[in-house]
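*Asks:* Before I ask anything, here is the structure I am working with.
Just so it is clear, none of the values below were taken in a lab; they were calculated from the coordinates. Small disclaimer: the values here were computed from a predicted structure and weren't measured. All Cβ positions, even for glycine, are placed from backbone atoms using ideal geometry, and neighbour counts span all protein chains on display.
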Amino acid sequence: MAVSVTDLSVARGGVPLLEAVSFTVAAGEALILRGPNGAGKTTLLRTLAGLQPPLSGRIGVADDAVAFAGHADGVKSALSVTENLDFWASIFGVTDISPALEAFDLAALAPRRAGLLSAGQKRRVGLARLVLTGRPVWLLDEPTVSLDARAVASLMRCLARHLAAGGSAVIASHTDLDLSPARPLDLSGYRARDPAPDRFDEAYS
Amino acid sequence: MIAVLARDLKLAVRAGGGFGLALAFFLIVVVLVPFALGPDTGLLTRIAPGVLWLGALLSCLLSLDRIFALDWEDGSLDLLATSPCPLELLCAVKALAHWLTTGLPLVLLAPVLGVLLNLPAAGVAPLTLSLLTGTPALSMIGAFGAALTVGLRRGGLLLSLIVLPLYVPTLILGAEVARRGAAGQSYETPALLLAGLTCGTIALLPFAAAAVLKVNLR
C-alpha cells in the first residue's frame, strides 16, 4: 500500500476542515480529490506531504516517498529552465534531466530564462521536476491549471507512465482527468463539524 | 547541499539579486561619516573601528529578509522542505550563502574604507580579523530571524527588531577587538570570546531556525 490514511483530521489556520478521512492508494493507482473551493484539498495534500501535522489520525506514507507539487511552481525567474531543473536534479541525486525535458516538451525552451516563460510553460517546468524526484507517491495540487490541451495530454501520459511503473498519485483537481486506474474521492462528505462553540464558557472549557 | 549554495550564489549575482546593496550601503555610511563629523583626524581615528563595525552590521541587516522570503514566495521552500535535504542543513547553507555574498565582501572592503576614517595601520589586521570571525554570526542570527518572519508581508521591520538585540553581543565584542587593535593594546580576550560566540551561534541556530521554519510552513 503506497499511501494509507486512517481517521485523519486536518485544520488550516486552526480551523478544522476535514475529519475522519480514511482511504488507501495502492501502487499503480491514482486518487482524485474532489470538492468545492475551501473543502480542504490543498490542506490534505500538504498534510500528506508532511508540511503540516494532522490534528488527529494516522498517515501511513514514508516521508521520503512523496513528491509534492503545489500551487506555486518553485521556479526561479532569474535562472534558465535547464538551470532550474539541474538544481532539483542534484537535490534528488539525479544527473540527467533529459527525461524531464522530454516528458513536458521543454527541449525548445531549455535555454530560456524562466522569468520570460508564460504561466503554462512555467507550470510545465514545475511538473517536470516531479519526473526528476524519482519518488513513488506524487501529490499534485491542481496540476492542470493554466495548461493547454496539449500540455494536459503530456501530463496524463507522464502520469500514466508513472502509474504503470508502480508509482501512485493523489491529485486534487476540478477538471475531468483522462487517467486510469483512477478513483475519485469527494471530500465534501468529510467536512468537519462547525467547531465554533455556542457560548463563551464552552470556548474555554 | 552544494547545489543549494551554488544556486543561491548564482541568484545573488544575477540581475535583481541584490548582491551590491550591502556593499553600496557600507560604502555610503563610511564615506559620509567624515563629512558629517568634520576634519578632526584624531576623532576619526578614535571612532573608526566602531563606525566600521556598525556600518558592516547595518549593511548585513539590509539583505536578511531575502534569505528565505524569495524561496517562500515562489514555493521553492515547500519543495525543499519535502526534499531529501534536512531543513537544519538548509538553514546553515542559506546562512553561508548570505555570508559569502554579504559578509565576506564587507570583510574585504573594510580595510580599504578604514583609510577614509584614518584607521591606523596597526588596526587593519585586528579589524579584518574581528569582522572575519564576527560576520558569520551576523548571517546565522539573521537567518534565524528570517526563518521566524518568513511568510509575513513586509516582515523586514519585525525582522530588524528581533535581530538587533541578538546582534548586540557580536557588535560589542567585534568593535572591542578592532578598538583595542587600533589602540595598540592586546585584543586576545575579546577575540576569543567573539570566536566562541560565532561557533556557538553556528552550532545551535540552524536547529532553531529549522524548527521555526517548520512552524511557519504550516
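*Asks:* Determine, for each peptide in B:201-212, B:33-44, A:80-91, the mean count of other beta carbons within 10 angstrom over its residues, then list the peptides with the highest first. Don't jump to the answer; show the numbers that get you there.
*Replies:* Details: B:201-212: 18.4, B:33-44: 11.8, A:80-91: 21.8.
Sorting B:201-212, B:33-44, A:80-91 by mean packing, highest first, produces A:80-91, B:201-212, B:33-44.
*Asks:* Mind checking the mean number of beta-carbon atoms from other chains within 10 Å of the Cβ atoms in A:43-50?
*Replies:* Working: counts 1, 0, 0, 4, 1, 0, 4, 4.
Per residue, the number of nearby Cβ atoms from other chains is 2 on average.
*Asks:* What shape does segment B:152-218 take by its C-alpha gyration tensor, where a ≥ b ≥ c are the square roots of the eigenvalues and a/c under 1.5 counts as rounded, a/b above b/c as prolate, and the rest as oblate?
*Replies:* On the way: a/c = 5.81, a/b = 2.08, b/c = 2.79.
In terms of gyration-tensor shape, oblate.
*Asks:* Kindly write out, for segment A:50-55 in residue order, the coupling ³J(HN,Hα) from the Karplus curve 6.51 cos²θ - 1.76 cosθ + 1.60 (θ = phi - 60°), rounded to whole Hz, with x marking Gly and Pro.
*Replies:* x, 7, 9, x, x, 5
*Asks:* Listing B:Met140, B:Met1 from the residue with the fewest other Cβ atoms within 10 Å to the one with the most, what is the order? Working shown, then result.
*Replies:* Numbers: B:Met140 27, B:Met1 14.
Taking fewest neighbouring Cβ atoms as first place, the list is B:Met1, B:Met140.
*Asks:* If I take every Cα pair under 8 Å that is 6 or more residues apart in chain B, average their sequence separation and divide by the length, what percent do I get for the relative contact order?
*Replies:* Details: 276 pairs, mean separation 58.7, N = 218.
In percent, rounded to a whole number, it is 27.
*Asks:* What number comes out for the charge environment of B:Met1, summing +1 per Lys or Arg and -1 per Asp or Glu over other residues with Cβ under 14 Å away? Kindly include the intermediate steps, with their values, before the conclusion.
*Replies:* On the way: positive: B:Arg7, B:Lys94; negative: B:Asp8, B:Glu88.
Result for the neighbourhood of B:Met1: 0.
*Asks:* How shielded is B:76-87 by partner chains, expressed as the average number of their Cβ atoms within 10 Å of its Cβ atoms?
*Replies:* On the way: counts 8, 3, 9, 14, 3, 4, 14, 8, 7, 2, 0, 0.
Other-chain Cβ atoms within 10 Å of each residue's Cβ, averaged: 6.
*Asks:* Residue by residue through segment A:4-15, what is 3J(HN,Hα) from phi via Karplus (6.51 cos²θ - 1.76 cosθ + 1.60, θ = phi - 60°)? Round to whole Hz and write x for glycine and proline.
*Replies:* With coefficients 6.51, -1.76 and 1.60, one gets 9, 10, 10, 6, 7, 10, 10, 9, 10, x, x, 9 Hz.
*Asks:* Turning to a different aspect of this structure: Per-residue HN-Hα couplings for segment B:93-106, Karplus 6.51 cos²θ - 1.76 cosθ + 1.60 at θ = phi - 60°, whole Hz, x for Gly and Pro?
*Replies:* Here the 3J(HN,Hα) series is 5, 4, 5, 4, 4, 5, 5, 5, 8, 10, x, 4, x, 5 Hz.
*Asks:* Residues of A:63-71, mean number of Cβ from any other protein chain within 10 Å of their own Cβ, rounded to a whole number? Could you put the intermediate results ahead of the total?
*Replies:* Numbers: counts 2, 3, 0, 1, 3, 6, 4, 4, 2.
Mean number of neighbouring Cβ atoms from other chains: 3.
*Asks:* Still on this structure, please answer the following. Let a ≥ b ≥ c be the square roots of the eigenvalues of the Cα gyration tensor of segment A:88-168; is it rounded (a/c under 1.5), or, if not, prolate (a/b larger than b/c) or oblate?
*Replies:* Details: a/c = 1.75, a/b = 1.17, b/c = 1.49.
The shape class here is oblate.
*Asks:* For chain B, find the longest principal axis of its Cα atoms and tell me its angle to the long axis of helix B:156-182, 0 to 90°, nearest 10.
*Replies:* 40 degrees
*Asks:* Rounding to the nearest 10 and keeping the result within 0 to 90°, find how far the Cα-based axis of helix A:149-164 lies from the longest principal axis of chain A.
*Replies:* Tilt of helix A:149-164: around 80 degrees.
*Asks:* May I pose another question? Which ordering of B:Asp74, A:Asp63, A:Asp141 is given by a fewest-first count of other beta-carbon atoms within 10 Å?
*Replies:* Working: B:Asp74 18, A:Asp63 10, A:Asp141 21.
Listing B:Asp74, A:Asp63, A:Asp141 from fewest to most nearby Cβ atoms yields A:Asp63, B:Asp74, A:Asp141.
*Asks:* In which sequence would B:Arg7, A:Arg58 go, from the one with the fewest C-beta neighbours within 10 Å to the one with the most?
*Replies:* Numbers: B:Arg7 23, A:Arg58 11.
So the residues, fewest neighbours to most, are A:Arg58, B:Arg7.
*Asks:* Show me the trypsin sites (Lys or Arg not before Pro) within segment A:85-194 that DSSP assigns to loop and that have at most 10 other Cβ atoms within 10 Å of their Cβ. Please report the intermediate quantities before stating the final value.
*Replies:* Values: sites: A:Arg112, A:Arg113, A:Lys122, A:Arg123, A:Arg124, A:Arg129, A:Arg150, A:Arg157, A:Arg161, A:Arg191, A:Arg193; in loops: A:Arg112, A:Arg193.
Taking segment A:85-194 and a limit of 10 other Cβ atoms within 10 Å, the loop trypsin sites (Lys or Arg not before Pro) found are A:Arg193.
*Asks:* Amide H neighbours of A:Ala20 under 5 Å, at least 5 residues apart or on other chains, H built in the peptide plane: list them.
*Replies:* Here A:Leu8, A:Ser9 satisfy the definition.
*Asks:* If I fit a long axis through the Cα atoms of helix A:81-91 and take the longest principal axis of the Cα atoms of chain A, what angle between them do I get, 0 to 90°, rounded to 10?
*Replies:* Taking Cα atoms only, the helix is inclined about 60 degrees.
*Asks:* Which residues does the label zone of A:Ser4 cover in segment A:27-44, counting backbone N under 20 Å from a point 7 Å along Cα→Cβ?
*Replies:* Only A:27-32 fall inside the zone, counting backbone N under 20 Å.
*Asks:* Can you give me the Cα centroid spacing of segment A:98-120 and segment A:143-175 in angstrom?
*Replies:* Using only Cα atoms, the two centres lie 17 Å from each other.
*Asks:* Peptides B:89-95, A:4-10: what's the order by average Cβ count within 10 Å, highest mean first?
*Replies:* Details: B:89-95: 22.6, A:4-10: 17.9.
Order by mean packing, descending: B:89-95, A:4-10.
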